Amino acid sequence: MKTCEQAPGLSVYQHGLDVANWYRGLWDYLNGVPTTYKFHIDEHDKALLQQLMPLALPPKDARMYQVYHDCGKPYCNEFDEQGRRHFPNHAELSYQYFLQAVADQRTADLIRYDMLCHTAKGEDIGLLLSLDDAPTLLISSWAELHSNAAALFGGFESDSFKIKRKKLRRIGNKLVSKMKEG
């Protein structure tokens, strides 16, 4: 993980650490604790995330998942014709490698489903919403979105950030609605 680049100058391991640190910062921010991290979250999104927090893992319990969520990437690192990096099936590979190395099923499951908040459509949304750890996955996705905006895809005003934020907002709305239904 330390020798495989997530992006130029950023290893997969450094990315995982950064996501865990952003999660800690987001947790503090949502609890009204001063943090050095600057979040681009409106009041609606903040209220949604605050409703999910009681069901999410606190930072110390989510850290291993966040640091190692991409541990399979070194095994599927590929480049396309334009030289862009891709990691096909990395979530499943990360799940398998982590479970084999650590034998912690809950953390391995978080790793397996890590990409759902970023990519879920149709019935995958139903799967995500059915998971007990959906709040942890969603809050982690918000942390990762901020980490990636700062380090990878052009900042908080980029189209990529705005598109991904909108997707996370939709999932958050569905998750909170499901919680209210019981």
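Some notes on this structure:
- Per-region count, the range 94-119, residues open to solvent by 40 Å² or more (accessible area, probe 1.4 Å) and aliphatic (A, V, I, L, M): 5
- Residue in the range 67-84 that is at pLDDT below 95 and either basic (Lys, Arg) or closer than 21 Å to residue 161 by Cα (or both) present: yes
- Selected residue (criterion: nearest to residue 151 (Cα to Cα)) from residues of the range 49-58 that are out of contact with any Pro (no Cβ under 6 Å at 6 or more places or on another chain) and surrounded by 20 or more Cβ atoms within 10 Å (Cβ to Cβ): 49
- So residue 100, is it at pLDDT 95 or above, in contact with a Pro (Cβ under 9 Å, 6 or more places away or on another chain) and not aromatic (Phe, Trp, Tyr): no
- Single residue of the range 1-12 satisfying the filter (open to solvent by 60 Å² or more (accessible area, probe 1.4 Å) and in contact (Cβ under 8 Å) with a residue 40 or more places away in the chain) that is nearest to residue 135 (Cα to Cα): 5
- Helices (runs of 4 or more DSSP H) contained in the range 16-112 and holding at least 1 residues in contact (Cβ under 8 Å) with a residue 60 or more places away in the chain: 43-52, 59-68
- Residue within the range 144-153 that is farther than 16 Å from residue 37 by Cβ and in a helix (DSSP H, G or I) present: no
- Checklist (1) out of contact with any Pro (no Cβ under 9 Å at 6 or more places or on another chain); (2) surrounded by 19 or more Cβ atoms within 10 Å (Cβ to Cβ) applied to residue 77, failing item: (2)
- Screening the candidates 16, 25 for the property of being under 14 Å from residue 71 (Cα atoms) and surrounded by 20 or more Cβ atoms within 10 Å (Cβ to Cβ) yields one hit, 16.
- Residue 154 being touching a helix residue (DSSP H, G or I) at 6+ places or on another chain (Cβ under 7 Å) and without any contact (Cβ under 8 Å) to a residue 40 or more places away in the chain: yes
- Qualifying residue in the range 120-136 (condition: part of a helix (DSSP H, G or I), among the β-branched types (Val, Ile, Thr), at pLDDT below 95 and surrounded by fewer than 16 Cβ atoms within 10 Å (Cβ to Cβ)): no
The values are calculated or read from the model by the stated rules, or taken from the named source; none is laboratory data. Worth saying up front: this structure is predicted, and the values here are computed from it rather than measured. All Cβ positions, even for glycine, are placed from backbone atoms using ideal geometry, and neighbour counts span all protein chains on display. The area values use the complete protein model at the heavy-atom level, side chains included, leaving out ligands, DNA and RNA. Shrake-Rupley method; radii C 1.70, N 1.55, O 1.52, S 1.80 Å.
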